[in-house]
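Asks: The structure's right below; bear with me while I get my questions together.
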Amino acid sequence: MAEQTEVLRRTPLSKDRILRAAVTLADEAGIDSLSMRNLAQDLGVVPMALYKHVANKDELVNGMIDVAIGEIDPPVPGADWKQAVRERILSARRVLQRHPWVSLAIESRTAPTPAVLAYLDSMVGTFRRGGFSADLTHHVMHAMGSRSLGFSQELFDAARSAGRSGASNPESSAALPPQFADRFPHLAAIAVAASHDDASVVGQGCDDQFEFEFALDLLLDGVERLQRQGWTSTRRDGDRSVVSGPDQPS
């Protein structure tokens with residue numbers, strides 16, 4: 001192991017090597033703990049050597065995102081649009097399970113990185129090849145939101161905001177104070193009724209694998225119905241969006 005480490009340290013520095021080392025550090029300790037200084041130390045170079053390849057930490061994080069997104073499986077050859085979209089999104093989710101910092105990093109960006117744009121462009125292409133109009137695909141991508149990239153933006157998620165893998169579950173019956181059911185009876189009722197996968201690789205909470213696939217399948221079934229109906233948005237009347245389909249008057 002020591003010999004392998006020494007060989008790596010002697011390997012010429014490159015942007016790809018820097019990014020992959022940064023990904024490994026973020027996987028191990030979280031992206032908040034990553035700095036140019038500890039990355040340089042891990043690579044066996046002085047911090048200034050990194051700046052020949054990445055301008056700053058923002059560029060570093062952008063590159064790290066692209067390395068991770070590059071691990072998502074390509075579309076399934078010959079699959080119909082629904083299977084292709086589902087498998088691609090679940091592949092993205094597996095990537096985020098390996099790199100739990102990626103979703104937070106994506107959310108922190110003011111603009112999508114090149115690999116994220118390429119992934120989303122490919123996703124749009126899958127819908128279009130499946131017979132979706134540009135209009136419907138536009139609305140579908142908005143409806144999918146972060147799920148397109150394999151994660152859900154859950155409300156009041158302390159685990160995600162802290163940079164940890166998985167999601168918190170504010171509805172967990174074990175965590176509810178005795179007076180909670182009296183004040184919020186409906187939330188208490190669904191907390192008791194809810195069944196989550198305690199062994200989920202993304203942790204306990206509402207964003208477990210079952211919940212994610214449940215919501216994903218609801219969306220895909222719904223957009224499939226709209227596509228078959230030939231749904232289209234027609235016009236905007238003030239702040240009110242007017243939609244039409246074969247079963248609705250236009």
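Asks: Kindly establish whether Q41 is out of contact with any helix residue (DSSP H, G or I) (no Cβ under 8 Å at 6 or more places or on another chain) and more than 25 Å from L149 (Cβ to Cβ).
Replies: Numbers: out of contact with any helix residue (DSSP H, G or I) (no Cβ under 8 Å at 6 or more places or on another chain): yes; more than 25 Å from L149 (Cβ to Cβ): yes.
The answer is yes for Q41.
Asks: Moving on to the next point. Does region 55-65 include one or more residues that are assigned to a loop (DSSP other than H, G, I, E, B) and open to solvent by less than 50 Å² (accessible area, probe 1.4 Å)?
Replies: Looking only at region 55-65, we keep the residues that are assigned to a loop (DSSP other than H, G, I, E, B), and these are 55-56.
Imposing the further condition that a residue be open to solvent by less than 50 Å² (accessible area, probe 1.4 Å) reduces the set to none.
Scanning region 55-65 turns up no residue that is assigned to a loop (DSSP other than H, G, I, E, B) and open to solvent by less than 50 Å² (accessible area, probe 1.4 Å).
Asks: Something else about it: For region 108-122, give me each residue that is farther than 18 Å from S33 by Cβ and either open to solvent by 50 Å² or more (accessible area, probe 1.4 Å) or of a type in the set (A, V, I, L, M) (or both). Break it down stepwise before answering.
Replies: Kept after step one, since they are farther than 18 Å from S33 by Cβ, are these residues of region 108-122: 109-122.
Across region 108-122, the qualifying residues are R109, T110, A111, P112, P114, A115, V116, L117, A118, L120, D121.
Asks: On to the next question. Failed condition for L96, given (1) hydrophobic (A, V, I, L, M, F, W, C); (2) surrounded by fewer than 14 Cβ atoms within 10 Å (Cβ to Cβ); (3) under 20 Å from F212 (Cα atoms), with all others met?
Replies: Just one mismatch for L96, condition (2).
Asks: Moving on. Select from region 67-91 the residues that are closer than 18 Å to L120 by Cβ and not in a helix (DSSP H, G or I) and write down the one among them that is most open to solvent (accessible area, probe 1.4 Å). First the steps, then the outcome.
Replies: To start, the set of residues in region 67-91 that are closer than 18 Å to L120 by Cβ comprises 67-76, 81-82, 84-91.
Of the ones still in play, those that are also not in a helix (DSSP H, G or I) are 70-76.
Working: G70: 60, E71: 61, I72: 16, D73: 75, P74: 96, P75: 49, V76: 57 Å².
The residue in question is P74.
Asks: Can you find a residue in region 90-111 that is over 18 Å from F151 (Cα atoms) and in contact with a Ser or Thr (Cβ under 7 Å, 6 or more places away or on another chain)?
Replies: Looking through region 90-111, none of the residues is over 18 Å from F151 (Cα atoms) and in contact with a Ser or Thr (Cβ under 7 Å, 6 or more places away or on another chain).
The values are calculated or read from the model by the stated rules, or taken from the named source; none is laboratory data. The model shown is predicted, which means the values in this text are computed figures rather than measured ones. Because the Cβ atoms are built from the backbone with ideal geometry, glycine has one as well, and the counts that use them run over all protein chains shown. Surface areas here come from the heavy atoms of the whole protein model, side chains and all, with no ligands, DNA or RNA. Shrake-Rupley method; radii C 1.70, N 1.55, O 1.52, S 1.80 Å.
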